[in-house]
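Here, each number is a calculation from the coordinates, and none is a lab measurement. It should be emphasised that the depicted structure is a prediction, and the values quoted were computed from it without experimental measurement. All Cβ positions, glycine included, derive from the backbone under ideal geometry; neighbour counts span all protein chains shown.
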Amino acid sequence: MEVLLDAGEWDDATGKPGRFYRLHVQWAHWTDRQRTTLHGEICDAQQDARDSRKRDPKSPGKAWAFFVGTQDAEDGSLIVAKRYALVSSRFGEMLSESCELKK
């Protein structure tokens, strides 16, 4: 399975993404249930993002992919993930609030 990510290398000349990153999930050794679960998570997150933008075009919610993978040595835009436990997808808003560490 391969997913086009909304991140990548920027083209300085145009100020736009020049090449998007792709996540390739090597799941041949996964169970059918694991493949179905991940595929469902990705589809649900993408649909939730579309529905959110239909309700409010300025909605900050996005589909997010979380993974641990390896960047391909020959194609820097390709990231390969293999372990089921280290790949997931969710819909939501990324918040960045400052916090203080308590001693």
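Of note:
- Extension reserve of the Thr31-Glu9 stretch, reckoned as 0.36 nm per residue once the Cα distance is removed: 4.6 nm
- Sum of side-chain charges, Arg19 neighbourhood, beta-carbon under 12 Å (Lys, Arg +1; Asp, Glu -1): -1
- Set of aspartates and glutamates near Lys58 by C-alpha distance (under 13 Å), chain-local residues within fewer than 8 positions excluded: Glu93
- Each label was represented as a point 7 Å from its Cα along the Cα-to-Cβ direction; for Asp44 and Arg83 these points are 2.3 nm apart.
- Global geometry of the chain, whether rounded, prolate or oblate, following the gyration tensor of its Cα atoms and the 1.5 cut on a/c: rounded
- Within the straight-line cut-off of under 20 Å between alpha carbons, the aspartates and glutamates reachable from Lys16 are Asp6, Asp75, sequence neighbours fewer than 8 places apart in one chain being disregarded.
- Taken about its Cα centre, the chain carries a charge dipole of about 380 debye when Lys and Arg each add +1 at the Cβ and Asp and Glu each add -1 at the Cβ.
- Net charge of neighbours whose Cβ lies under 9 Å from the Cβ of Leu78, counting Lys and Arg as +1 and Asp and Glu as -1: -3
- Prolate/oblate/rounded label for the stretch 17-69 (Cα gyration tensor, a/c 1.5): oblate
- Every helix of 4 or more DSSP H residues in the chain counts as -39500 (n - 2.57), and over all residues that averages to -8000 deg cm²/dmol at 222 nm.
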